[in-house]
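S.K.: Questions regarding the structure given below will be posed in turn.
The values are calculated or read from the model by the stated rules, or taken from the named source; none is laboratory data. It should be emphasised that the depicted structure is a prediction, and the values quoted were computed from it without experimental measurement. Heads up, the Cβs are rebuilt from the backbone with ideal geometry, glycines too, and the neighbour counts pull from every protein chain shown. Ligands, DNA and RNA are stripped out before the accessible areas are found, and what is left, the full protein with its side chains, is counted by its heavy atoms. Shrake-Rupley method; radii C 1.70, N 1.55, O 1.52, S 1.80 Å.
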Amino acid sequence: MAKARTQFVCQNCGTVHSRWAGKCDGCGEWNTIVEEDPMGGIGAGPGKVPKKGRPVTLTSLSGEIEEAPRIHTGISELDRATGGGFVRGSAVLIGGDPGIGKSTLLMQAAAALSRRGHRIIYVSGEEAVAQVRLRAQRLEAASTDVLLAAETNVEDILATIGEGRRPDLVIIDSIQTLWSDTAESAPGTVTQVRTGVQAIIRFAKQTGAAMVLVGHVTKEGQIAGPRVVEHMVDAVLYFEGDRGHHYRILRTVKNRFGPTDEIGVFEMSDRGLREVSNPSELFLGERNEKAPGAAVFAGIEGTRPVLVEVQALVAPTSLGTPRRAVVGWDSSRLAMILAVLEAHCGVRLGQHDVYLNVAGGYRISEPAADMAVASALVSSLAGLALPADCVYFGEVSLSGAIRPVAHTAQRLKEAEKLGFSAAILPAGSADMPKGHGGRWSEIDSLPDLVARIAGSRGALRPAEDE
Ligand code: TYD
Ligand code: MG
């Protein structure tokens, strides 16, 4: 039998090295490599004698498909994000910045499930029993039958939850505090987290209990510890939001049992998280309809339309190099829109500072926001407010053409529902609803949009001359 050797594992990316080094070749990070015992983790190394394989029955692709058995929380925004409730025997990882509200959300979910007669165990590794009880009181969950433990050792946790009636759902808060006797490295290292999560997933598969794991996010926005944990679990959700704002978004990034790109929207109140079933109303809450530089974007998040206001401020600069600042959108995308406006529409912004903000602290990732951004920019530069009852969407290409985007009908329907009677959208959209009576204006190039907003180009001139 080969001798077991120690290995050196990068704590950032999980790359295994044969010797210690200051810098990891895998991710380029410094001082992240730690010596670990390979026998403790998965892929337990070459030391083990391979066992003789046992043939399994091969089957066909056609045949009966069983619906994954789910546990509904009744919190519809949470059920939506998980694809219809937690799946029995599966493991879900919920990541998010510290303090964003993960423990709050899960305590509320635990209480809701417990009220529905499920057996729920909440294992807290970060907070003492008293702290969790205080939160439960605040969330009016204290009177439910949720079972609580403050423990960080994986073997002890498994022994505890394996005892008595099988739990329907177990919450482990958080994976960063887990440690196992079988892994020889320090608590919090990749091997420890990986070994712990692996044991928990095995328990889920064996017993059919659903497992919810909480993971903190590093400042780069990834779940701390190795990426492998994300690969091991069945679903990964991120709980996001801006500390300065009350709303929180639960976003699905991986789901073996349902759709990804789904979101659940919540608002943090002094009594916990409140569901927001119509996010558009939240993001459009405090609009000043007469101010120039604001355009309402009709976006799509997963399967759901979301209307959000894009605000721009274009002002003459006093600096040698004008400033470009963006909150809630991609800054390189803004640079592209500015370049297209200059090159194809004659809109000069070289002597102007440009600030762009997405209202409510929301983050847009869709290129379909291009048209709303361009409209807000031109409106601010021209000093002309856009019509208050109009929404904008469409992708801008480098040639200045406006390209159709998906889900036209859904975007328009949401806009109508919220009282917007006009829309500016790309020409040639595939799923245009029929019989709109000319309220939707189709535009095929950015110069057309500029002409429409600034009228004859005169409106842009005074700003340019300054
Ligand atoms: P918490 O769930 O502890 O965050 P996480 O587990 O992600 O670290 O919640 C953190 C914040 O939420 C905390 O700053 C207090 C606030 N909060 C409320 O505003 N209302 C509430 O009802 C609760 C329980 C927390
Ligand atoms: Mg917490």
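S.K.: Beyond 32 Å between alpha-carbons counts as too far, so tell me which of Lys102/Lys205; Lys52/Lys102; Lys51/Lys205; Lys254/Lys413 fall in that bin.
M.R.: Lys52/Lys102
S.K.: Right, next: Can you list residues from other chains, or at least 5 along the same chain, whose modelled amide H is less than 5 Å from the amide H of Gly299?
M.R.: Excluding prolines and chain starts, which carry no amide H, the hits are Val306, Leu307, Val308.
S.K.: Specify whether the C-alpha gyration tensor of the chain places it in the rounded, prolate or oblate class, a ≥ b ≥ c being the square roots of the eigenvalues: rounded for a/c under 1.5, otherwise prolate if a/b is larger than b/c and oblate if not.
M.R.: Prolate, since a/c reaches 1.5 and a/b exceeds b/c.
S.K.: Would you compute, from DSSP H runs of 4+ residues alone, the mean residue ellipticity of the chain at 222 nm, taking -39500 (n - 2.57) per run and dividing by the full residue count, rounded to the nearest 500?
M.R.: For the chain, the value works out to -7500 deg cm²/dmol.
S.K.: Let me ask something additional. Among the aspartates and glutamates, select those whose C-alpha is under 15 Å from the C-alpha of Lys23, and discard any that sit fewer than 8 residues away in the same chain.
M.R.: Correct list for Lys23: Glu35.
S.K.: Ok, one more. Pick out, from Val373, Gly215, Cys10, the residue whose Cα sits farthest towards the positive end of the charge dipole of the chain, with +1 on the Cβ of Lys and Arg and -1 on the Cβ of Asp and Glu.
M.R.: Ranked along the dipole, the leading option is Cys10.
S.K.: Given +1 on the Cβ of Lys and Arg, -1 on the Cβ of Asp and Glu, and no further charges, what dipole in debye does the chain carry about its Cα centre, rounded to the nearest 20?
M.R.: 920 debye
S.K.: Report, to the nearest whole %, how much of the accessible area of region 282-455 belongs to carbon and sulfur atoms, 1.4 Å probe, protein only.
M.R.: Of the solvent-accessible surface of region 282-455, carbon and sulfur hold 52 percent.
S.K.: So which cysteines in the chain don't have a second cysteine's C-beta under 4.7 Å from them?
M.R.: Result for the chain is Cys345, Cys390, no neighbouring Cys Cβ within the cutoff.
S.K.: Is the shape of region 82-133 best called rounded, prolate or oblate, per the rule: a/c under 1.5 gives rounded, else a/b larger than b/c gives prolate, else oblate, with a ≥ b ≥ c the square roots of the Cα gyration tensor eigenvalues?
M.R.: Oblate, because a/c is 1.5 or more while a/b does not exceed b/c.
S.K.: Give the peptides 272-278, 59-65 in descending order of average Cβ contacts within 10 Å, highest first.
M.R.: Highest to lowest by the protection proxy: 272-278, 59-65.
S.K.: Next question, about the same structure. For the chain, what does the accessible surface come to per residue with a 1.4 Å probe? Please give it in Å².
M.R.: Per-residue accessible area for the chain comes out at 47 Å².
S.K.: OK, next. Give the dimensionless ratio obtained when the Cα radius of gyration of region 100-173 is divided by 2.2 N^0.38 Å.
M.R.: Taking the Cα Rg and dividing by 2.2 N^0.38 Å, one obtains 1.02.
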